[in-house]
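A.B. asks: Before I ask anything, let me first share the structure, which is written out below as structure tokens.
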Amino acid sequence: MDTKLGIPQKDMKTNVKNLTVVLASEMVLYVKTRKFHWNVAGNSFMEMHKLFEGQYNELELIIDEVAERIGKLGDKAIGTMKEFNDHSVLKECTKYEEKDAMVKELLEDYRTLINKIRDFIKETEETDDFGTADFLTAIIQKHEEQAWILRRYNN
Ligand SMILES: [Fe+2]
């Protein structure tokens, strides 16, 4: 659907396609972070349990904003687990890992996602859709903060 906001349909489609990858990847990261929240164990259990909870709560807000941003660009947001897995740049965690491996994996995922979103911002800026470029930039900043926190645990 044409939003008549002055951005060509073709460019809108490109941006929706990229936002869909972001949405799917955030969902995979969200589910993984919940899994780690449920299964982390050891001396620092409560600290890590709460740390992961804070992170998945932030991801939940981002997910909602990304899905609604797709709506604002005139398209539909995907919403099945299969679609999330198919479009995500991140992989689900099927193992049951120790605390350090959990932190390492999340950190790696944030790095992957930040780099992917950075590529999307460059692409988006070429379409004059500065609203989406700015929106994605704000997400990168949130992820950089989470990655910074995880790095402190990653000895
Ligand atoms: Fe909980």
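The values are calculated or read from the model by the stated rules, or taken from the named source; none is laboratory data. Not measured: the values here are computed from a predicted model. Heads up, the Cβs are rebuilt from the backbone with ideal geometry, glycines too, and the neighbour counts pull from every protein chain shown. SASA here: full protein model, heavy atoms, side chains in, ligands and nucleic acids out. Shrake-Rupley method; radii C 1.70, N 1.55, O 1.52, S 1.80 Å.
A.B. asks: When both residues are 6+ apart or on different chains and their Cβ atoms are under 6 Å apart, which pairs have a first residue that lies in the stretch 131-142 and is assigned to a helix (DSSP H, G or I), and a second that is surrounded by fewer than 14 Cβ atoms within 10 Å (Cβ to Cβ)?
C.D. replies: Close Cβ pairs satisfying both conditions: none exist.
A.B. asks: If you don't mind, another one. Is the stretch 23-37 home to any residue that is more than 24 Å from residue 153 (Cα to Cα) and modelled with pLDDT of 95 or more?
C.D. replies: yes
A.B. asks: Something else about it: For the stretch 1-106, which helices (runs of 4 or more DSSP H) that fit wholly inside it have 3 or more residues that are within 16 Å of the ligand (Cβ to nearest atom), within 20 Å of residue 146 (Cβ to Cβ) and open to solvent by 20 Å² or more (accessible area, probe 1.4 Å)?
C.D. replies: 9-39, 45-72
A.B. asks: Would you confirm, using the coordinates I've provided, whether residue 74 is over 17 Å from the mean Cα position of the chain (by Cα) and among the small types (Gly, Ala, Ser)?
C.D. replies: For residue 74, the condition - over 17 Å from the mean Cα position of the chain (by Cα) and among the small types (Gly, Ala, Ser) - is met.
A.B. asks: Still on this model: Quick check on residue 109: is it open to solvent by less than 20 Å² (accessible area, probe 1.4 Å), closer than 16 Å to residue 29 by Cβ and in a helix (DSSP H, G or I)?
C.D. replies: So residue 109 passes the test.
A.B. asks: Taking interchain pairs and intrachain pairs at least six residues apart, which have beta carbon atoms under 8 angstrom, with the first residue in the stretch 20-46 and within 17 Å of residue 139 (Cβ to Cβ) and the second part of a helix (DSSP H, G or I) and among the small types (Gly, Ala, Ser)?
C.D. replies: Final answer for the pair search is 23/67.
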